[in-house]
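The values are calculated or read from the model by the stated rules, or taken from the named source; none is laboratory data. Remember, predicted model here, so these are calculated numbers, not experimental data. Don't worry about glycine lacking a Cβ; one is built from the backbone with ideal geometry, like all the others, and counts go over all protein chains shown. For the accessible areas, the whole protein counts, side chains as well, though only heavy atoms, and no ligand, DNA or RNA atoms are used. Shrake-Rupley method; radii C 1.70, N 1.55, O 1.52, S 1.80 Å.
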Amino acid sequence: MAKYAYFEGKFVPIEEAKISIMTHAFNYGTGVFEGIRAYWNEKDEQLYVFKLPEHFDRFRKSSSIVKIDLGLTTQELCDLTCELLKKEEFKADAYVRPVAYKASEVIGVRLHDLEDGFCMFAVPFGRYIEKEEGARTAVSSWRRIDDNAAPARCKITGVYINSALSKTEVMERGFDVAIVLTHEGHVSEGSAENIFLVRDGELITPAASENILEGITRKTIMELARAEFGLDTTERQIDRSELYIADEVFFCGTGVQVAAVIEVDGRPVGDGKIGPIAEKIRNLYFDVVKGKVKKYKHWCTPVY
Ligand code: PMP
């Protein structure tokens, strides 16, 4: 469990980090957040935070879209994260959750003329989904939020009702993860993860214009696939039925890490087991995030 939080400009015991029920962000979803993973490397006796500045760069972009002034530089946010993790003395994988939010205690939905707040906590964290080696999925009847209704490319708290609706819908139908389509009916992403298909040895993922969250793991996978396996990724529109005939389908994201999809809408993907490309990308990903691959160690910020 978390022992500390960064709240209202300082570190406090987690029990003291409380907001009022009148808080604007609580009432209207006017906040932005990040999800960051830190991995414990036993051999190095070190906790490595994966792509830390990249997460805070996206946090900054999310904040600017909803007119939140962070008042902290990316470097300061990175330093605070390491300080928090150090205070927690974690010697296991952990998840860091920074939130910037409209903190005024007033009625009235808007973004302007409100005070901004920032807080952060961290918890020990294992798997986000149980079946990383083989998730059963279904297409949700909920469509991915359209960018012209609310920005899809950044992490706005209120917008996550869209992920919650789709995830719960398919889980209540007995599946592990939802696949969500755009309003035009093309594949967008998972309920909180980006998606890749493999067709005839080619990696394909929905383009940034498909209302996806521009995932940090998505970018990492594309870089690793190119550099280590000579696999280029095509970013394009993907039809629903392409999911049914793909050789492999997998999800990626900070939470889900790299998770194989073995079934879509009652149809097995490939031979119904994790495919060879997903498996080698997944294995490499875990080595990279744990700081075991020298070439990519610069993506890992040591805490201790
Ligand atoms: N899509 C959504 C809706 C998400 O919430 C996440 C998790 N942040 C992702 C995709 C994956 O993004 P990332 O790799 O940056 O964690």
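Odds and ends about this structure:
- Charge dipole magnitude, Cβ of K and R +1, D and E -1 - region 4-124, Cα centre, debye nearest 20: 380 debye
- Working ranking of peptides 118-130, 10-22 by packing, defined as the average number of other Cβ atoms within 10 Å per residue, highest first, is 118-130, 10-22.
- Percent RCO, i.e. relative contact order, over region 135-289, from Cα pairs under 8 Å lying at least 6 residues apart: 23 percent
- The calculated pair-distance distribution of region 217-286 uses every alpha carbon pair, bins of 5 angstrom beginning at 0, and gives 3, 16, 26, 25, 22, 8, 1 percent.
- Take every Cα pair under 8 Å whose residues are at least 6 apart in sequence, average their separation, divide by the length of region 78-176, and the relative contact order is 24 percent.
- Test item: Cα-centred dipole of the chain, Lys/Arg +1 and Asp/Glu -1 on Cβ, debye: 360 debye
- Most positive-pole-ward Cα, 178, 253, 162, against dipole of region 135-289 from beta carbon charges: 162
- When you filter the trypsin sites (Lys or Arg not before Pro) in region 173-277 for DSSP loop state and at most 13 other Cβ atoms inside 10 Å of their Cβ, you are left with 173, 236.
- Reduced Cα scattering model of the chain, Debye log10 I(q)/I(0), q = 0.07, 0.11 Å⁻¹: -0.27, -0.68
- Contact order for the chain, expressed relative to its length and based on alpha carbon pairs under 8 Å spaced 6+ residues apart, stands at 20 percent.
- For the pair residue 12 and residue 133, the difference between a 0.36 nm per residue extended length and the Cα-Cα distance amounts to 39.7 nm.
- Whole-angstrom gap from region 106-170 to region 235-304, using each part's C-alpha centre: 20 Å
- Flagged links, alpha-carbon separation over 30 Å, of 18/290; 219/294; 18/61; 167/292; 219/292: 18/290; 167/292
- In Å², nearest 10: area of residue 78 left accessible to a 1.4 Å probe: 10 Å²
- Given charges at beta-carbon only (K, R positive; D, E negative), |dipole| of region 121-265 in Debye: 480 debye
- Over region 135-289, volume per residue of the alpha carbon convex hull, in Å³: 98 Å³
- Whole-number accessible area per residue in Å² for region 1-110, which is evaluated in the context of all protein chains at 1.4 Å: 49 Å²
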